[in-house]
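Colleague: Before anything else, here's the structure in question.
Derivation of every value follows stated rules applied to the coordinates shown; laboratory data play no part. Predicted model only: the values in this text are computed from it and were never measured. Neighbour counts are summed over all protein chains in view; Cβ atoms, including those assigned to glycine, are modelled from backbone coordinates with ideal geometry.
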Amino acid sequence: GAGVSQSPRYKVAKRGQDVALRCDPISGHVSLFWYQQALGQGPEFLTYFQNEAQLDKSGLPSDRFFAERPEGSVSTLKIQRTQQEDSAVYLCASSLTGQPQPQHFGDGTRLSIL
Amino acid sequence: GDSVTQMEGPVTLSEEAFLTINCTYTATGYPSLFWYVQYPGEGLQLLLKATKADDKGSNKGFEATYRKETTSFHLEKGSVQVSDSAVYFCALSPSYNQGGKLIFGQGTELSVKP
């Protein structure tokens, strides 16, 4: 079946622009996660949804980062007024429920801020 | 806070050699532990998991045992193949966080030569 789908695969933006990254989770998966992965590092947790409710946003690095999942399926991660340090791969993952269910990851969106 | 530490890479082995990738963790309570693998050009995939002390996770010839007394979850394989070349990530899911967010180590790159 279809896995987690992220778009776009690559995004280049100028510093100061706003960007929006999309995640389509596996159908029926209740939980959705966003992670940020810097080059050569492990993914770092950003935020978590259970259905449409954002239950944990403790990893969002600043108020420029905003995520939503209005209908409990597709999610969008928005970054406002991008800065160079936002350059990273943004990963989305989904799971049937919370722990200890395994998370299924998308291929990520590689964001480059010029 | 909770954290995961992995041995630094890259690790280079000859085919059929024995593999160990060390992973230790710091966490309150009893986290769930995971190994994820990222093959070149692909997304993160769950390799194996263990949810309580002394559990052994295994898959594709890889094994790891949840050692509470040494706070470790070392990955082992008796005979590696060229196709095992990838980046391996150790991760934990905190016991206090029912949502199941993952905390990753920095990753260990494995290169297997024929």
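Colleague: Return yes or no: is B:Gln81 polar (S, T, N, Q), under 18 Å from B:Glu109 (Cα atoms), within 14 Å of chain A (Cβ to nearest Cβ) and touching a residue at least 40 places away in the same chain (Cβ under 8 Å)?
Modeller: no
Colleague: Could you tell me which residue of the stretch A:21-60 is farthest from B:Gly9 (Cα to Cα), considering only residues that are of a type in the set (Gly, Ala, Ser) and surrounded by 15 or more Cβ atoms within 10 Å (Cβ to Cβ)?
Modeller: In this case the residue turns out to be A:Ser31.
Colleague: Could I ask something else about it? Here are B:Ala27, B:Ala64: which of them is buried (at least 17 other Cβ atoms within 10 Å of the Cβ), in contact with a strand residue (DSSP E or B) (Cβ under 9 Å, 6 or more places away or on another chain), away from chain A (no Cβ under 13 Å) and among the small types (Gly, Ala, Ser)?
Modeller: Being buried (at least 17 other Cβ atoms within 10 Å of the Cβ), in contact with a strand residue (DSSP E or B) (Cβ under 9 Å, 6 or more places away or on another chain), away from chain A (no Cβ under 13 Å) and among the small types (Gly, Ala, Ser) holds for just one of B:Ala27, B:Ala64, which is B:Ala64.
Colleague: Looking at the stretch B:67-114, what strands (runs of 3 or more DSSP E) fall wholly within it and have at least 2 residues that are out of contact with any Asp or Glu (no Cβ under 9 Å at 6 or more places or on another chain) and either among the hydrophobic types (A, V, I, L, M, F, W, C) or farther than 17 Å from B:Trp35 by Cα (or both)?
Modeller: B:86-93
Colleague: With the condition kept exactly as written, say whether any residue in the stretch A:24-40 is within 30 Å of B:Glu8 (Cα to Cα) and without any contact (Cβ under 8 Å) to a residue 40 or more places away in the chain.
Modeller: yes
Colleague: Here is a further query. Tell me which residues, restricted to the stretch A:3-20, are at negative phi, surrounded by fewer than 16 Cβ atoms within 10 Å (Cβ to Cβ) and touching a residue at least 60 places away in the same chain (Cβ under 8 Å).
Modeller: Within the stretch A:3-20, A:Gly3, A:Ser5, A:Ser7, A:Pro8, A:Arg9, A:Tyr10, A:Val12, A:Lys14, A:Arg15, A:Gln17, A:Asp18 meet the criteria.
Colleague: Restricting the search to the stretch B:88-98, which residues are surrounded by fewer than 20 Cβ atoms within 10 Å (Cβ to Cβ) and more than 9 Å from chain A (Cβ to nearest Cβ)?
Modeller: Passing the criteria: only B:Tyr96.
Colleague: Quick one: would you say B:Glu63 is farther than 25 Å from A:Gln37 by Cβ, assigned to a strand (DSSP E or B) and in contact (Cβ under 8 Å) with a residue 12 or more places away in the chain?
Modeller: Yes, satisfied.
Colleague: Here's something else I'd like to know. So is B:Glu42 free of Cβ contacts under 8 Å to residues at least 12 places away in the same chain, within 17 Å of A:Gly42 (Cα to Cα) and within 14 Å of chain A (Cβ to nearest Cβ) or not?
Modeller: Yes: the conditions hold for B:Glu42.
Colleague: Of all residues in the stretch A:55-114, which are charged (D, E, K, R) and within 14 Å of chain B (Cβ to nearest Cβ)?
Modeller: A:Asp56, A:Lys57, A:Arg69, A:Asp107, A:Arg110
Colleague: For the stretch A:1-81, which fully contained strands (runs of 3 or more DSSP E) count at least 1 residues that are of a type in the set (A, V, I, L, M)?
Modeller: It comes to A:10-13, A:19-24, A:31-37, A:44-50, A:53-56, A:65-68, A:75-79.
Colleague: Residues of the stretch A:24-54 being under 30 Å from B:Glu109 (Cβ atoms), within 12 Å of chain B (Cβ to nearest Cβ) and hydrophobic (A, V, I, L, M, F, W, C), which ones?
Modeller: Correct list: A:Leu32, A:Phe33, A:Trp34, A:Ala38, A:Leu39, A:Phe45, A:Leu46.
Colleague: Right, something else. All but one of (1) within 11 Å of chain A (Cβ to nearest Cβ); (2) touching a residue at least 40 places away in the same chain (Cβ under 8 Å); (3) surrounded by 17 or more Cβ atoms within 10 Å (Cβ to Cβ) hold for B:Lys101; state the number of the condition that does not hold.
Modeller: Single failed check for B:Lys101: (2).
Colleague: For the stretch B:30-57, enumerate the residues that are aromatic (Phe, Trp, Tyr) and surrounded by 17 or more Cβ atoms within 10 Å (Cβ to Cβ).
Modeller: B:Phe34, B:Trp35, B:Tyr36
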